[in-house]
Amino acid sequence: NVNNVLTRAITGLSENTTYYFRVRAYNGYGTGISSANGAALTSPAAPVSTAASSVTGSSFVSNWNASAGATGYYLDVSTVSNFATFVTGYNNVDVGSATSRYISVSSAGSDYYYRVRAYNAGGTSPNSLAQTVTTAPPAPAAAAATAVTATSFQANWSAASGATGYRLDVSTASDFSALLAGYDDLNVNNVTNYTVTGLTAGTPYYYRIRGYNGTGLSINSNVITVVTIP
């Protein structure tokens with residue numbers, strides 16, 4: 001008995017399920033026959049978001065698990081964890097039935113957040129949990145070598161935003177086809193200079209650097225040329 005109303009909220013139902021309803025009117029003399037059946041499809045369950053993949057300094061792939069009965073998904077991407085603002089082009093964007101989406105972003109070494117909602121003919125699910133992804137850092141800027149001797153020099157570079165460490169290459173060829181033993185993708189940790197030793201006097205050397213963080217590696221820096229003292 002819903003009394004003298006024309007609507008009633010029905011709760012405690014299962015996601016992605018079709019339900020049927022009918023009503024009968026009554027007055028002081030009796031109860032009428034049942035109405036025709038109505039039908040309602042509940043919306044899908046919220047998808048389960050999963051970690052981003054293919055992370056670079058300017059993009060990543062957002063991922064989530066399929067939600068039973070979903071015919072599509074809506075995606076949000078933000079630079080703030082409460083989704084008070086959105087990355088341009090990623091506010092409630094309909095990605096169809098896919099369970100991943102390539103995201104192009106503008107800031108290397110920065111945090112981004114994404115969440116998804118599933119939909120079907122019955123409606124839209126609640127939001128998934130948000131996933132956080134930190135883009136790979138920008139390329140460091142390599143600077144001129146200092147403390148040059150006949151057998152060593154100090155390689156220098158500027159800090160890259162969001163980098164937690166750096167990898168160094170040193171070569172006797174400008175195209176880095178002849179990397180020095182011990183200086184091929186050498187992890188120098190979180191410093192902005194490193195002393196390169198064991199060199200030959202009067203010889204040109206070339207160095208470059210890459211920054212890294214927990215999710216990716218930057219592109220190479222510019223190349224610095226240094227000639228050891230004869």
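The values are calculated or read from the model by the stated rules, or taken from the named source; none is laboratory data. What you are looking at is a predicted structure, and each value in this text was computed from that prediction instead of being measured. Cβ sites come from the backbone with ideal geometry, for glycine too, and all protein chains shown count toward neighbours. The protein model used for the area step is the full one, side chains on, heavy atoms only, and it has no ligands, DNA or RNA in it. Shrake-Rupley method; radii C 1.70, N 1.55, O 1.52, S 1.80 Å.
List of remarks:
- Here is the result for the stretch 149-230: no trypsin sites (Lys or Arg not before Pro) lie in DSSP coil with at most 16 other C-beta atoms within 10 angstrom of their C-beta.
- Note on SER106 and THR149: the model spin-label points, each 7 Å out from Cα along the C-beta direction, lie 4.8 nm apart.
- Candidate residues SER152, SER54, SER171: accessible-area rank, largest first, probe 1.4 Å: SER54, SER152, SER171
- The stretch 42-77 versus the stretch 168-184: alpha-carbon centroid distance in Å: 41 Å
- Estimated inter-spin distance, ASN91 and ASP184, nm [label 7 Å along Cα→Cβ]: 5.1 nm
- Three principal axis lengths of the chain [C-alpha, angstrom, descending]: 115, 28, 24
- 3J(HN,Hα) couplings calculated from phi for the stretch 148-165 with the Karplus curve 6.51 cos²θ - 1.76 cosθ + 1.60 (θ = phi - 60°) are, in sequence order, 7, 10, 6, 10, 7, 7, 9, 7, 10, 7, 8, 5, 9, 4, x, 6, 9, x Hz; Gly and Pro show x.
- Accessible carbon and sulfur surface of the chain relative to its total accessible area, %, 1.4 Å: 51 percent
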